[in-house]
1. When Lys and Arg each count +1 and Asp and Glu each count -1, what net charge do the other residues less than 10 Å away from Ile104, Cβ to Cβ, add up to?
2. Taking R0 as 30 Å, what FRET efficiency do you get between Met37 and Phe287 from their Cβ-Cβ distance, rounded to the nearest 0.05?
3. When only Cα pairs under 8 Å and 6 or more residues apart are kept, what is the percent relative contact order across the chain?
4. Taking the Cα centroid of region 58-108 and of region 292-309, what is the distance between the two, rounded to the nearest whole Å?
5. Which of the GluC sites (Glu not before Pro) found in region 277-309 are loop residues per DSSP with 11 or fewer other Cβ atoms within 10 Å of their Cβ?
6. For a bin width of 20 Å, list the pair-distance distribution of the chain built from all Cα-Cα distances, rounded to whole %.
7. Give, in nm to one decimal, the length gained when the segment between Phe212 and Val271 is fully stretched (0.36 nm per residue of separation minus the Cα-Cα distance).
8. Compute the separation of the alpha-carbon centres of region 1-52 and region 113-140 and state it in Å as a whole number.
Amino acid sequence: MSLKGKDVVSIRDLSREQIEQVMDLAQKLVPYAKGEMTTKAMEGKIMGNLFFEPSTRTRLSFESAMVRLGGRFVEIAHPTSSSVVKGETLADTVRMVEGYADAIVLRHPHEGAARLAAKYSSKPVINAGDGAGQHPTQTLLDMFTIQQEAGAIAGKNVVIVGDLKYGRTAHSLAEALGMFGAELTFVAPPLLQMPKETLNQLESAGIKPKLFSDLKDVISEADVLYVTRIQRERFPDPSEYLKVAGSYRVDNALLHEAKKDLVIMHPLPRVDEIAPEVDYTENARYFQQAFNGVPVRMALIMLVLGGEL
Ligand code: NCD
């Protein structure tokens, strides 16, 4: 059951109990994440951050988490600054970095890259997003945020809206919510609905999500609204992107129809899918959600590397 030494490539690599373990420890780590208390739990440990795709929150919150735990990190923050531009393979890069670090955090534009890295690394590999695949650490902080802000996960109607086809945060989150007994509603233009693979995965676990294309049809029933960005960079054809660009938007007019205590989340970055006016409502929790990346990633690092407070 212990997470020590484990790879975290897909959210399915974790059991429900292990996800709960991360959330429980994250809760205890909040004062450390804020810098109100200090710890040397990860003193002497080094994390190797390999970011081959742009990242703000994921990279900075992993770094902040490791530093708050008294550890250090080495990193490739831009693919152009590494030997990858000379043609080095991911397998070789990983075999090198495992000699420089105790765990590897990888973000990569290709689906399956983290699984490949885990195959070549004897050190734990944490997937920080692989193409349109999975983003399990985002899911851990999303689950933590739902638990904190909505008071529970089981029984809550979580509406996931946006680019469910290419959005890796949506894929991981849907599977984890299924494990915890949330009700699932997926809203997307038909071209961007949830992939068959994720729907089959849910179905085999006995979960039947409701599928819609218009947010107006479901907003009044939502307990949590999880908004995602259209993943423009993953569209093979720009004209396909233009067909769906701007096809949904959350603004105050839409929220008139919503429950008073609706929790609105977004993994960020947003483009135009949430109007800035929504930031000033009680419902907006996406900046709190972004902060939660620090205690949750601290918890995961401690459990994977085996540290104590
Ligand atoms: C997401 C990602 O990279 O998948 N961002 C993040 O990690 N918070 C979402 C996105 O890019 O739209």
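1. Working: positive: Lys123; negative: Asp7, Glu98, Asp102.
Every neighbour counted, the sum reads -2.
2. Values: r = 22 Å, r/R0 = 0.74.
Here the calculated transfer efficiency is 0.85.
3. Values: 603 pairs, mean separation 66.7, N = 309.
For the chain, the relative contact order is 22 percent.
4. 17
5. Values: sites: Glu277, Glu282, Glu308; in loops: Glu282, Glu308.
Those satisfying the criteria are Glu282, Glu308.
6. Histogram of Cα-Cα distances, whole percents per bin: 34, 58, 8.
7. Details: separation 59, 0.36 × 59 = 21.24 nm, distance 2.19 nm.
Gain on extension, Phe212 to Val271, equals 19.1 nm.
8. 14
None of the figures in this text is laboratory data; all of them are computed from the coordinates on show. Keep in mind that this is a model prediction, so the values were computed, not measured. No Cβ is skipped: glycine too gets one built from the backbone with ideal geometry, and neighbour counts run over all protein chains shown.
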